[in-house]
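The values are calculated or read from the model by the stated rules, or taken from the named source; none is laboratory data. Because the structure is predicted, anything quoted here is derived from the model rather than measured. Note that we place each Cβ from the backbone using ideal geometry, even for glycine, and neighbour counts take in every protein chain shown. Surface accessibility is based on the protein's heavy atoms, side chains included, excluding ligands, DNA and RNA. Shrake-Rupley method; radii C 1.70, N 1.55, O 1.52, S 1.80 Å.
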Amino acid sequence: MGFKIIGTGSKLPQKAVSNAQLATFLDTSDEWITSKTGIKSRTICTDETITDLATQAANIALANANLNIADIDLVVCATMTADYAMPSMACCVLEQLGGACPAFDVNAACSGFVYALDVADSFISSRKAQNVLVISAEMMSRMLDWNDRTSSILFGDGAAACVLTAGDSLKYINITATPQIAPLFTKASTGNNPFANHATDENIFLQMKGQHVYKFAVTTIQQEINLALTALNLQANDIAYFILHQANTRIIDGARTRLKLPPQKFPMNIEKYGNMSAASIPVLLDEMVRHNTIKSGDMLMLIGFGGGLTAGTAVLQW
């Protein structure tokens, strides 16, 4: 037993911030950002909370699945930027939806959506749940130093959700971690603990070693694709779409070029939204579903990669 996706939904902040707007207070330009990242704009939360966006995305997914929150047996939320350290975002969303079932968060950074799918698959396969609501929601804007042009230009905010039920759509799933903190991390504050030996003003913004992350991502994509294809005895052309974490067009193009695959197999929306961490794959998936890009029977390969360093791959037959 595995799962199939019967409903998707997404919700983005109302405010779009262009490269030109960033250039008014950062030493950068639209040309530089676009050439280095492929990003032209990103959506940023202003009045919205990330719980609000996640709840709206979940409501859309439930409606598309023709289910109510009472039909859901488990809520799993992939996030590292929840509105509260405790309770979990999954519980916060469940309260707004008016439901009552087990709910918890998963933090695997940008691989979070695939990790959450793996958790959901385990619950469904063991018959502990029939219907699972998987949410990915990130407010990356709260983690950034907006004076740092190397990181603040990359990220955006957004949320997406999928409703899973028992089925045979899942053909392969694999999650991994190669523990390395230094390339990509955000420290937690020590607060005002009078006994702590750490300075209370230490840098708690996102820190990233771009070249290290780039090499990891390109290599990981290639390895994950080859592992999945081998396990399923498939060729690359058997996959209709490779839906990758939207980190940087150069990362995706670099991996695609190494694999000698055509651009149309690698859909992207990073130009509009930037890197939304765990939300990027399900937001793109929902867009493709709404635009009828994905057809029944299409084989999809979803690949996430990010801080940890983590990676996750799932192959679904739609």
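Enumerate the calculated ³J(HN,Hα) couplings along region 270-281 in order (Karplus 6.51 cos²θ - 1.76 cosθ + 1.60, θ = phi - 60°), each rounded to whole Hz, writing x wherever the residue is Gly or Pro.
Going residue by residue, I get 4, 4, 8, 10, x, 8, 9, 6, 4, 7, 5, 5 Hz, with x marking Gly and Pro.
If a/c stays under 1.5 just call it rounded; otherwise compare a/b with b/c (prolate if a/b is bigger, oblate if not). Do that for region 78-140, with a ≥ b ≥ c from the square roots of the Cα gyration tensor eigenvalues.
Judged from the Cα gyration tensor, region 78-140 comes out oblate (a/c at least 1.5, b/c at or above a/b).
GNM on the chain, C-alpha springs below 10 Å: top fluctuator among GLY304, GLY191, GLY112?
Highest fluctuation among the options: GLY191.
What residues have an amide H closer than 5 Å to that of GLN130, excluding those fewer than 5 places away on the same chain, when H is modeled at 1.01 Å from N in the peptide plane?
ASP73
Could you tell me the number of lysine pairs in the chain with C-alpha atoms less than 18 Å from each other, where the two lysines are 8 or more residues apart or belong to different chains?
Summing the qualifying lysine pairs gives 14.
Roughly speaking, to the nearest percent, how much of region 1-72's 1.4 Å accessible area is carbon and sulfur?
Percent of accessible area from carbon and sulfur atoms in region 1-72: 47.
Under 14 Å from the Cβ of ALA177, count the other residues' Cβ atoms, weight Lys and Arg +1, Asp and Glu -1, and hand me the total.
-2
Going through region 187-277, which GluC sites (Glu not before Pro) have at most 13 other Cβ atoms within 10 Å and a DSSP loop state?
Hits after loop and neighbour filter: GLU202.
If you filter region 80-142 for chymotrypsin sites (Phe, Trp or Tyr not before Pro), then keep DSSP loop positions with at most 12 other Cβ within 10 Å, what is left?
Sites meeting the loop and neighbour criteria: TYR84.
At q = 0.16 Å⁻¹, what log₁₀ I(q)/I(0) does region 53-94 have when each alpha carbon counts as one equal point scatterer in the Debye sum?
-0.42
Trypsin sites (Lys or Arg not before Pro) within region 265-312: which are DSSP loop residues with at most 14 other Cβ atoms inside 10 Å?
LYS295
Taking all protein chains in place and a 1.4 Å probe, what share, in percent, of the accessible surface of region 197-318 do carbon and sulfur account for?
Of all accessible area on region 197-318, carbon and sulfur atoms account for 48 percent.
Provide the per residue accessible area, probe 1.4 Å, for region 85-195, rounded to a whole number of square angstrom. Write out the running numbers ahead of the final one.
Values: 4850 Å² over 111 residues.
On a per-residue basis, 44 Å².
Could you do me a favour and compute the accessible area per residue for region 214-318, 1.4 Å probe, result in Å²?
Accessible area per residue, region 214-318: 37 Å².
Roughly what % of DSSP beta bridges within the chain run antiparallel, to the nearest 5?
Of the beta bridges lying entirely in the chain, close to 75 percent run antiparallel.
Sequence-distant or interchain residues sharing an amide H contact under 5 Å with GLY308, placed H: which?
Here GLN180, LEU184 satisfy the definition.
Relative to the Cα centre, what is the charge dipole magnitude of the chain, using +1 at the beta carbon of each Lys and Arg, -1 at the beta carbon of each Asp and Glu, and rounding to the nearest 20 debye?
Approximately 880 debye in magnitude.
For P(r) over Cα pairs in 10 Å bins from 0, in percent, which listed value, (i) 6, 28, 36, 23, 7, 1; (ii) 5, 23, 31, 26, 12, 2; (iii) 5, 16, 21, 22, 18, 11, 5, 2, 1, 0, comes from the coordinates shown?
Entry (i).
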